[in-house]
Structures are given as C-alpha cells and as structure tokens.
Amino acid sequence: MNAAPLLFAPRAARPFAERMASALGLELAPLQEREYEGGEHKSRPLVSVRGRAVYVVQSLSGDATASANDRLCRALFLIAAIKDAGAARVTACLPYLAYARKDRRSKERDPVNARYVAQLFEAVGVDHVIAMDVHNVAAFENAFRCSVDLLEAAPLLAEHVVARSSGEPLAIVSPDIGGAKRAQRLQDLVVARRPLDVALAIFEKRRESGVVSGELLVGPVEGRHVVIIDDLISAGTTVLRATQACRAAGARSVTAFATHGVFAPGAERLLDRDGPDRLLVTDTISPLRLQPHVGEEHRLEVIAASRLFAEAVRRIEAGESVVALREMERGPISTE
C-alpha cells in the first residue's frame with residue numbers, strides 16, 4: 001500500500017493548503033520557516049520525505065506582507081530542500097502563477113518572464129506543476145519541460161450560476177475578444193447542467209500605452225442576467241467598463257467573475273454603485289486588499305478553488321486523469 005502524499009505550504013499559503021488537506025482527509029506536513037537578518041530565510045520539512053510523493057502549495061501573488069518574488073523564492077528553496085532530502089516526486093501546486101501574463105515579447109528586447117519562471121522551477125528539480133487559469137494556455141504548456149496540469153474555475157462558476165438561477169435568460173459576457181473562448185466554455189458548462197436560455201456576448205477592449213478603450217458590445221444582453229467572466233482582475237478597469245456597457249444595453253443584473261482577484265489600487269471602484277451587482281473571485285489569492293471596502297451590501301463573494309486542487313491531487317495519486325477533471329461537463333466537483 002502506497003503511503004499518503006505529503007502536503008507542505010509556506011506560511012502565506014497555509015489557509016488554502018489547509019482547505020486542500022481537509023478535502024483529502026490529510027493534515028499539512030510540519031514545516032520550519034526561519035527568518036534571518038537582511039531578509040534571508042530558510043524552510044525545511046520536519047518529517048522524512050524520502051521516497052514520498054510531495055506537494056508544495058504556494059500562491060505566487062504579492063501583497064502588503066510579501067512580494068510575488070519573495071513567495072516565488074520561498075517556493076523554489078522549499079522544493080529544492082525537499083528534493084535534496086530524497087523525495088520521490090515533487091509537485092508544485094500554484095493557485096496563482098506570477099508572471100504568467102508576460103508570456104511573449106510585445107516590444108524589442110522584451111523579457112519572456114513566464115518562461116524564465118518555468119526554468120527556475122525546473123532548475124530546482126520540480127517534477128510536476130499544477131496551476132489554475134493562466135493568461136495563455138499554450139504559452140504555459142510550452143514554457144515548461146516538466147509535466148503540467150492546468151485547472152480551470154469555469155466548472156465552479158457554472159455550479160454557482162445554475163444554483164443561483166431562477167430560470168430567467170442569461171448572458172455570458174467576455175470583457176475582451178481574447179476571452180471569447182473562456183466565455184463560450186462557461187456557456188457550454190451552464191447549459192450542460194441545466195437547459196437554460198444562455199446567450200454569449202463580447203465587449204470590445206483595446207489597451208494602448210496602458211490606456212483602455214473600446215465601446216462596442218456584440219451579443220444579446222437586454223433583459224438578461226449577465227455574467228462577465230475573466231481570468232484576472234487587477235485595477236478593475238476592464239470589468240467596470242464592461243459592466244457599464246451591459247447596463248446601458250439593458251441588462252437586468254450584472255455579476256462579474258474572475259479566477260484571480262489581484263485587486264490592485266483602484267479595484268475598490270468595483271464595489272461602488274457603478275460596479276457589478278455581485279463580484280465573485282476564487283480563493284487562489286486572498287481578497288484582503290478589497291475587504292476594507294466591503295460594505296453592507298456584501299457584493300464580494302469568494303468561491304473555493306482549493307477543492308479543485310484537492311481533487312487533482314487525489315486523481316494523480318490514484319493514477320487517474322487530471323485532464324478529465326477539466327473536461328467534466330456535468331455535476332458538481334467531488335473531493336470525497
């Protein structure tokens with residue numbers, strides 16, 4: 001009988017990792033983290049990892065307590081230490097993958113940071129990477145030479161939409177042309193779960209020198225409850241513009257969803273009157289930046305993505321396909 005996998009998580013990732021471990025019926029493995037002068041640090045497992053399957057959980061997002069670079073460095077050092085201690089296989093579970101948006105050269109001599117991050121993980125000996133809803137799927141898969149699995153939040157959102165639906169017409173809206181396939185994917189998942197009237201619409205967005213423009217909304221939203229879906233919300237300008245366009249076109253209500261709530265300064269506007277009626281994100285990044293701005297209306301809601309990561313781990317340990325998890329068309333995600 002194979003030993004149960006070991007789950008480790010640096011301090012910042014423990015809440016997410018604890019939810020994963022709970023869904024798997026496990027406890028997080030003990031880990032020592034020490035801080036030294038000058039910002040240096042070390043992490044070491046406090047149990048033997050020799051010959052074991054190990055999962056290291058770390059969301060590579062920055063906040064007031066630590067930068068994305070700090071959390072990346074801690075994850076790399078911990079994985080290297082675990083490999084040096086004889087682990088049979090180490091999987092990096094990265095709910096949010098830093099630098100995934102910088103996946104190509106848009107200007108002369110531009111860095112391709114997504115590829116460099118992949119090379120860093122491979123350099124410390126990672127065997128497998130699990131991430132969620134990266135900016136460009138093809139770029140993510142091509143950046144890594146080790147095996148990868150990409151999870152998506154669309155099934156979780158589809159469950160949420162169907163559970164909240166009263167049967168009235170819906171419209172799934174992509175806030176830019178590049179996200180049209182993501183919106184269509186959600187449309188398919190919702191219809192597969194319940195035969196609703198679900199339309200598809202696309203909002204035009206152009207970004208030039210950091211300035212967002214575009215006014216065209218293509219698709220039926222009048223008289224419908226709208227769900228805007230995106231992979232990430234930073235300052236919130238794109239979602240805010242799409243929300244206002246849908247309201248102007250006659251939408252009955254507007255819900256905005258993003259897998260990753262980065263919530264840079266300015267994102268608090270999404271909780272104002274001009275923002276969506278409801279704002280949904282997953283727990284890949286803690287929404288602490290926006291919490292002080294949450295009023296009595298409670299527009300912000302967090303959907304747990306940790307159970308998807310738990311299910312991915314369960315499937316890997318059982319020798320089952322994680323790709324099949326992404327392809328599930330019906331029913332809730334089970335972690336039992």
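A short reminder: the numbers here are calculations on the coordinates, not readings from a lab. Just so it is clear, the structure is predicted and the values come from calculations on it, not from any experiment. Counting neighbours? That spans all protein chains shown, and the Cβs are built from the backbone with ideal geometry, glycine included.
Once Rg and the Kirkwood radius are both taken over the C-alpha atoms of the chain, their ratio Rg/Rh works out to 0.98. The residues TYR96, TYR116, TYR36, TYR55, when put in order of fewest to most other Cβ atoms within 10 Å, stand as TYR36, TYR116, TYR96, TYR55.
3J(HN,Hα) couplings calculated from phi for the range 159-166 with the Karplus curve 6.51 cos²θ - 1.76 cosθ + 1.60 (θ = phi - 60°) are, in sequence order, 4, 5, 4, 5, 5, 8, 6, 9 Hz; Gly and Pro show x. Within the listed set LEU170, LEU46, LEU300, the residue fluctuating most in the Gaussian network model of the chain (springs between alpha-carbon atoms under 10 angstrom) is LEU46.
The radius of gyration of the Cα set in the range 72-133, together with its Dmax, comes out at 13.0, 43 angstrom.
Taking the chain as a Gaussian network, Cα atoms linked when under 10 Å apart, which of ALA81, ALA12, ALA324 shows the biggest mean-square fluctuation? Of the options given, ALA324 has the highest mean-square fluctuation.
Among GLU37, GLU320, a tally of other beta-carbon atoms within 10 Å of each Cβ gives an order, fewest to most, of GLU37, GLU320. Using a cutoff of 8 angstrom between alpha carbon atoms and counting only pairs six or more residues apart, the relative contact order for the chain works out to 13 percent. Counting only DSSP beta bridges with both residues in the range 154-303, the antiparallel share comes to about 15 percent.
The ranking of THR65, THR237 from fewest to most other beta carbons within 10 Å of each one's beta carbon is THR65, THR237.
For the residues LEU200, LEU24, LEU288, a GNM of the chain with alpha-carbon springs under 10 Å puts the largest fluctuation on LEU288.
For the range 154-303, what does the relative contact order come out to in percent, with C-alpha contacts under 8 Å and a separation of six or more?
On the way: 312 pairs, mean separation 27.6, N = 150.
After rounding, I find 18 percent.
The base-10 log of I(q)/I(0) for the range 41-102, evaluated at q = 0.21 Å⁻¹, reads -0.83 [Debye formula, identical scatterers on Cα atoms, solvent excluded].
The alpha carbons of the range 1-137 occupy a box of 53, 38, 27 Å along the principal axes, longest dimension given first. Annotation: the antiparallel percentage among DSSP beta bridges lying fully within the chain is about 20. Ellipsoid fit via the Cα gyration tensor, the range 154-303: semi-axes of 22, 18, 14 Å, each the root of five times an eigenvalue, largest first.
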